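S.K.: Have a look at this one.
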Amino acid sequence: FYSSSQVVYSVHFYIAVEVAGYADVAKQIIDLAVFGVAQNRSYRRLADFTDTIGNRVSGSHNLEMAIKYMYNAMTQDGLDVHLEPVKIPHWVRGKESAEMLVPRVKSLAILGLGSSVGTSPEGIKAEVLVVRSFEELKQRSSEAVGKIVVFNQPFVSYGETVAYRAFGASVAAKVGAVATLIRSITPFSINSPHTGWQDYEEGVKRIPTACITVEDAELMWRMAQRGQKIVVRLTMEAKTLPDADSFNTVAEIRGWQHPEQVVLLSGHLDSWDVGQGAMDDGGGAMISWEALSLIKDLGLRPRRTMRTVLWTAEEQGGVGAQQYYNLHKVNLSNFDLVMESDLGTFTPMALQFTGSDAARQVMEEVVKLLAPINTTKLETHGEGTDISPWMQAGVPGASLHVADSRYFWFHHSEGDTMTVQDPQDMNLCSALWAVVAYVVADLQDMLPR
């Protein structure tokens, strides 16, 4: 008889041998993506798409055009493509402007935040209270009544600092503010405002809210520190229209043995209404299509289905993805692995993974196949707004960790264009994405829960 540790060892040994058997096919995928005829293809596809469509915010005509474009392009590529209808938010920015009037006249670059209400046509003219934290606002709450609150919070990390963009308006409204201007959530600025979604708290007065630049937030902070009175006029036409019809876009290579079992790859197709949405998240969408193209071009067919989903309305809080989950969670046990790329497609560093210890052991072996492109690291915590419902329900999840230090420089701003993308980086991301998805989809067994 074997001891339990010997059994665990032999199972692990068996899996290591099975996965190592994919070394040749992994090399073929990598060669095709990085050196072969598919070289730079994901970059070209991204350029064609973003140059043709431009940005594509939830509810817009551009997003409709983007979905049609991708449906046609992936169908022409010989993939099995269909659309799944969903309802999505339809917020419209309209014209907007802000100007400091006192102590001197200066126009302020702003971007209204998603779901914000507008001002009256003549705008809001009010004195400004500048604070550096929610805590400081609490301490100075008596000073906030009738004022425009400017948040000049330092950038710590996106995950932490984004709370100011998300909740700043309602926090300020509770203490009587008439509007909020929030320092953009970015570590770097060349007077560039960055937009994003914000959430009004139920039962709290809805006040207009926009992001301003790091430079202008710091300027007003310094003025306030000198005891100068600051007056700003804010004008916003922003409004929310009834929910719009949209689609999640789905493309597949059906599995030959277990077509009902699925490895899901994804990125989101919507973007903000500034820049081109090349980085967030055109790149993630394109490598998720490219992964299927690479497998198809090599004439490979996995045991399980490889399914690429291009989500709609991610920026509004994973709206399309939540509806996809609600529709498909009845088949939860057939979802083998869910993958999302939504933190850029710069130089890949590692695969991030969430799953059981047993599943992690399998994935540790899978990433060894990426030795030719030097990304054999498996990190903790797969992440992605769109795949989080699946991961919370116990489905293994994976995301791409790239050299993303510059990501938030361009994020949700006019700077998110093709200029930030690199074709070679996209080749590497596509290769990693395709190898991981194909191998997991073709292994004898699904990843252990």
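The values are calculated or read from the model by the stated rules, or taken from the named source; none is laboratory data. Keep in mind it's a predicted model, so treat the numbers as computed, not measured. Neighbour counts are summed over all protein chains in view; Cβ atoms, including those assigned to glycine, are modelled from backbone coordinates with ideal geometry. What goes into the accessible areas is simple: the full protein's heavy atoms, side chains included, and nothing from ligands, DNA or RNA. Shrake-Rupley method; radii C 1.70, N 1.55, O 1.52, S 1.80 Å.
S.K.: Do we have residue 386 as of a type in the set (D, E, K, R), open to solvent by less than 20 Å² (accessible area, probe 1.4 Å), at negative phi and modelled with pLDDT of 95 or more here? Give the derivation first.
M.R.: Details: of a type in the set (D, E, K, R): yes; open to solvent by less than 20 Å² (accessible area, probe 1.4 Å): yes; at negative phi: yes; modelled with pLDDT of 95 or more: yes.
It is true that residue 386 is of a type in the set (D, E, K, R), open to solvent by less than 20 Å² (accessible area, probe 1.4 Å), at negative phi and modelled with pLDDT of 95 or more.
S.K.: What single numbered condition from (1) in a helix (DSSP H, G or I); (2) open to solvent by 40 Å² or more (accessible area, probe 1.4 Å); (3) assigned by the TED database to the domain that holds residue 231 fails to hold for residue 136?
M.R.: (2)
S.K.: Do the conditions hold for residue 327, that is, is it within 28 Å of residue 36 (Cβ to Cβ) and among the aliphatic types (A, V, I, L, M)? Talk me through it step by step, then tell me what you get.
M.R.: Numbers: within 28 Å of residue 36 (Cβ to Cβ): no; among the aliphatic types (A, V, I, L, M): yes.
Considered against the rule, which asks whether it is within 28 Å of residue 36 (Cβ to Cβ) and among the aliphatic types (A, V, I, L, M), residue 327 comes out as no.
S.K.: Is there a residue in region 293-305 that is buried (at least 24 other Cβ atoms within 10 Å of the Cβ), more than 14 Å from residue 77 (Cβ to Cβ), in contact (Cβ under 8 Å) with a residue 60 or more places away in the chain and under 17 Å from the mean Cα position of the chain (by Cα)?
M.R.: no
S.K.: Identify, from the list 350, 398, 313, 321, the residue that is in contact with a strand residue (DSSP E or B) (Cβ under 7 Å, 6 or more places away or on another chain), assigned to a loop (DSSP other than H, G, I, E, B) and either not assigned by the TED database to the domain that holds residue 116 or not polar (S, T, N, Q) (or both). Break it down into steps so the answer makes sense when it comes.
M.R.: Working: 350 fails: assigned to a loop (DSSP other than H, G, I, E, B); 398 fails: assigned to a loop (DSSP other than H, G, I, E, B); 321 fails: assigned to a loop (DSSP other than H, G, I, E, B).
The match here is 313.
S.K.: Scan the strands (runs of 3 or more DSSP E) fully inside region 140-231 and keep the ones with 3 or more residues being aliphatic (A, V, I, L, M).
M.R.: Details: elements: 148-151, 179-183, 209-212.
Once the strands (runs of 3 or more DSSP E) in region 140-231 are filtered for at least 3 residues that are aliphatic (A, V, I, L, M), what remains is 148-151, 179-183.
S.K.: Return yes or no: is residue 7 surrounded by 12 or more Cβ atoms within 10 Å (Cβ to Cβ) and modelled with pLDDT under 95? Give the derivation first.
M.R.: Values: surrounded by 12 or more Cβ atoms within 10 Å (Cβ to Cβ): no; modelled with pLDDT under 95: yes.
Criteria not met by residue 7.
S.K.: Further, regarding this structure: Of everything in region 403-431, what is closer than 17 Å to residue 291 by Cα and in contact with a helix residue (DSSP H, G or I) (Cβ under 7 Å, 6 or more places away or on another chain)? Give them in sequence order.
M.R.: We begin by selecting, within region 403-431, every residue closer than 17 Å to residue 291 by Cα; these are 423-431.
Of everything in region 403-431, those that are closer than 17 Å to residue 291 by Cα and in contact with a helix residue (DSSP H, G or I) (Cβ under 7 Å, 6 or more places away or on another chain) turn out to be 423, 426, 427, 428, 429, 430, 431.
S.K.: Within region 356-384, work out how many residues are in contact (Cβ under 8 Å) with a residue 60 or more places away in the chain, farther than 26 Å from residue 286 by Cβ and under 23 Å from the mean Cα position of the chain (by Cα).
M.R.: Selection size over region 356-384: 0.
S.K.: Now a separate question. Residues of region 16-73 being surrounded by fewer than 16 Cβ atoms within 10 Å (Cβ to Cβ) and among the small types (Gly, Ala, Ser), which ones?
M.R.: Matches in region 16-73: 16, 20, 21, 23.
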